[in-house]
Amino acid sequence: MSKNKFKPDYALAPGAIIDEHMEHHSVTITQLATHLGIKKKKVKKLLKGKAPITQPIAEGLATIFTFPVHMWINLEAGFQKNIKRLGKKSIIW
């Protein structure tokens, strides 16, 4: 069995997924910031891929959206790995 691993030529910021969930659940930046216990400025950085999803943030995201904590952590890890491999010019927000 071959072990072909998908290696995209882009780095998808986890913030793009957060943004989709915010839209789907009608959650505002202010509401998300309050729920996560962080400032709106940090939420905006999360959405742009300029702030990482930490364990506490992942736990907060898991309580408001349907994905579990480990999924948010894995999204961030994959994003960081792809940035290192491809460089920041390949980021999709």
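The values are calculated or read from the model by the stated rules, or taken from the named source; none is laboratory data. All figures in this text were calculated on a predicted structure; none of them were measured in a lab. As a convention, Cβ positions derive from the backbone with ideal geometry for all residues, glycine included, and neighbour counts pool all protein chains shown. These area figures cover heavy atoms from the full protein model, side chains too; ligands, DNA and RNA do not enter into them. Shrake-Rupley method; radii C 1.70, N 1.55, O 1.52, S 1.80 Å.
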Pairs where the first residue, in region 73-86, is closer than 15 Å to I18 by Cα and the second is part of a helix (DSSP H, G or I) and not polar (S, T, N, Q), C-beta under 6 Å, 6+ apart: I73/A58; L75/P14; E76/P14; F79/P14
Count - residues of region 37-93 that are at positive phi and at pLDDT 95 or above: 1
Tabulated pairs, region 29-50, first within 23 Å of I83 (Cβ to Cβ) and open to solvent by less than 50 Å² (accessible area, probe 1.4 Å), second part of a loop (DSSP other than H, G, I, E, B) and modelled with pLDDT of 95 or more, C-beta under 7 angstrom, 6+ apart or interchain: L46/I53
